[in-house]
Amino acid sequence: MESAATGGGAIVLARYDEIREALFAPDLSRTFDRRSWAEGNIRDGVVSVQHGPVHRARRRVENSQFRPDRLRLYERDLFPGVLATWVDRIVEDGRVDLFALGELLSVVLAARRAGIDHDPDSRDQLDELVGYVDVFSQGSAILDARDPDAVRVLYRRTMLEFGERYVTPSRVPREAAIARFRAGELAEDELPHDILTVLLLHRDDPAMELDGDRLVREVATYLQGGTHTSSQTLVNGVDLIFPVAARDPGIWTRIADDRAFAQRCVHETLRLRPTTPKIKRHAEADLVVAGTRIPAGATVVLDAAAANRDPRLFGDAPDAFDPDRRIDPSVARWGLSFGAGAHQCPGRSVAGGFPAPAPETAADEEHIFGLSALMLQEIARRGVRPDPDRTPERDTRTERFTRWASYPVLIGPRPAA
Ligand code: HEM
């Protein structure tokens with residue numbers, strides 16, 4: 001696997017160990033645009049582009065919403081209800097766009113975790129939130145956008161609307177609860193458990209740098225992070241499973257009956273189709289990563305998609321979709337698809353669950369399988385096959401090869417031959 005190549009002026013690292021070293025390097029940041037929001041930087045101040053002490057302060061506060069007890073509540077108590085309610089409502093005449101279905105299922109709990117009050121039974125509101133997520137996702141992938149200026153204009157307008165329509169009303173009950181907590185009338189554990197509440201609680205801490213509209217954009221980051229990636233992963237999973245199922249239809253029964261296998265299918269999907277195939281970093285100072293000299297100001301491209309196919313770590317035939325593959329015990333089955341180091345995805349256990357046990361080992365009682373595995377199992381149980389009349393479309397607004405705009409499928413038992 002080639003490394004330290006320079007592509008378009010950037011330094012490219014493509015080996016697993018090099019990428020991990022880069023992701024832990026304190027002098028590599030995600031701060032590509034130093035302008036303020038007023039000057040046109042749509043990502044100004046969000047956790048994903050913060051660096052150093054401010055980033056650490058934010059993550060310390062926000063990570064509290066991803067503790068195992070929260071994950072279990074979502075996976076065991078709340079998400080089964082979301083699946084039961086929404087899959088039937090969205091599938092029409094046995095047809096559905098799997099990408100839209102995945103987004104709608106994911107946004108219900110993503111909004112709850114972000115602290116965005118909404119009517120979970122209102123299709124209109126959920127569609128509106130999904131529309132916002134689509135715009136925020138284009139904004140978060142601005143480095144790979146084909147038309148960044150168009151994305152900037154749309155993003156600014158949408159963020160304003162999202163703030164007015166959802167964040168401002170959601171603040172009211174939370175600020176009241178925080179006032180009661182500060183007056184000693186409420187215990188901290190009785191406050192709402194969501195990102196907006198913890199941000200409001202810590203907003204005056206100067207280490208957080210959460211002034212102005214940054215709070216709105218931070219909440220939007222969590223709404224988007226919890227929705228778009230999970231849906232893309234569901235679609236990529238089905239897209240990888242269809243050719244396998246054409247040779248071995250039993251794979252759908254295995255997914256439906258065995259949640260651990262469904263989880264390994266999700267991890268195998270993430271390995272082969274990372275939602276961020278190339279992770280980017282900016283050199284804040286001269287540094288050396290795994291023997292490669294990187295000058296201050298350089299852009300470093302970390303080719304996670306290539307590293308995830310290293311045969312020394314992921315076994316023979318690394319390009320094949322094989323959820324039962326043997327992997328080196330030092331790596332995760334999803335490879336580098338949730339990143340590593342300071343910016344490692346805080347939502348990795350929400351979407352992907354805890355690291356999957358080896359195929360022959362049963363998961364323990366505390367195990368979290370991840371919401372993507374539950375979605376995949378649900379559609380496997382109902383029956384899913386390609387829609388012969390409609391072709392899936394890739395999202396051509398970004399250069400990320402793993403993103404879809406729509407993925408029509410048929411849902412329901414296969415008719416007898
Ligand atoms: C299959 C699902 C997901 C994938 C593949 C994914 C992938 C990633 C990756 C690769 C990063 C790090 C990017 C970098 O280092 O440059 C990241 C960061 C992030 N993710 Fe996820 N993610 C997923 C689900 C989620 C969920 C469910 C949430 C929230 C509930 C979330 C919220 C975030 C946030 C806020 C960051 C920025 C963290 C920081 O910069 O410190 N993600 N994600």
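Summary table
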| quantity | calculated |
| --- | --- |
| Any hit, the range 274-289, residues being of a type in the set (Asp, Glu) and surrounded by 16 or more Cβ atoms within 10 Å (Cβ to Cβ) | yes |
| Unique residue being surrounded by 14 or more Cβ atoms within 10 Å (Cβ to Cβ), at pLDDT 95 or above and closer than 30 Å to Leu376 by Cβ when the list is Arg174, Arg113 | Arg113 |
| Restricting the range 32-63 to residues that are polar (S, T, N, Q) and closer than 21 Å to Gly347 by Cα, the residue that is nearest to the ligand (Cβ to nearest atom) | Ser48 |
| Contacts under 7 angstrom Cβ, first residue in the range 215-243 being among the charged types (D, E, K, R), partner part of a helix (DSSP H, G or I), 6 or more apart | Arg217/Met159; Glu218/Val47; Glu218/Leu199 |
| Within the range 254-290, tally of residues that are free of Cβ contacts under 8 Å to residues at least 60 places away in the same chain, in a helix (DSSP H, G or I) and more than 16 Å from the ligand (Cβ to nearest atom) | 2 |
| Pair list, Cβ under 6 Å, 6 or more apart: the range 60-76 residue at positive phi, other residue modelled with pLDDT of 95 or more | none |
| Those helices (runs of 4 or more DSSP H) lying entirely in the range 85-203 with at least 1 residues in contact with a Leu (Cβ under 6 Å, 6 or more places away or on another chain) and more than 16 Å from the ligand (Cβ to nearest atom) | 123-140, 168-182 |
| Qualifying residue in the range 344-351 (condition: of a type in the set (A, V, I, L, M, F, W, C), within 11 Å of the ligand (Cβ to nearest atom) and in a strand (DSSP E or B)) | no |
| Among the residues listed as Ser29, Ser48, Ser3, the single one being at pLDDT below 90 and either within 19 Å of Val151 (Cβ to Cβ) or touching a helix residue (DSSP H, G or I) at 6+ places or on another chain (Cβ under 9 Å) (or both) | Ser3 |
| Matching residues, the range 365-380, being not in a helix (DSSP H, G or I) and not β-branched (Val, Ile, Thr) | Glu365, Glu366, His367, Phe369, Gly370 |
| Residue list for the range 381-399, restricted to those being in a loop (DSSP other than H, G, I, E, B), in contact with a Phe, Trp or Tyr (Cβ under 7 Å, 6 or more places away or on another chain) and without any contact (Cβ under 8 Å) to a residue 40 or more places away in the chain | Asp395 |
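Residue-by-condition table, conditions (1) of a type in the set (A, V, I, L, M, F, W, C); (2) part of a loop (DSSP other than H, G, I, E, B); (3) near the ligand (Cβ under 8 Å from one of its atoms); (4) surrounded by 24 or more Cβ atoms within 10 Å (Cβ to Cβ):
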site	(1), (2), (3), (4)
Val331	yes, yes, no, no
Gly335	no, yes, no, yes
Glu360	no, yes, no, no
Ala363	yes, yes, no, no
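The values are calculated or read from the model by the stated rules, or taken from the named source; none is laboratory data. In this text, all values refer to a predicted model and were calculated from it rather than measured experimentally. Positions of Cβ are generated from backbone atoms using ideal geometry, with glycine treated the same way; all protein chains shown enter the neighbour counts.
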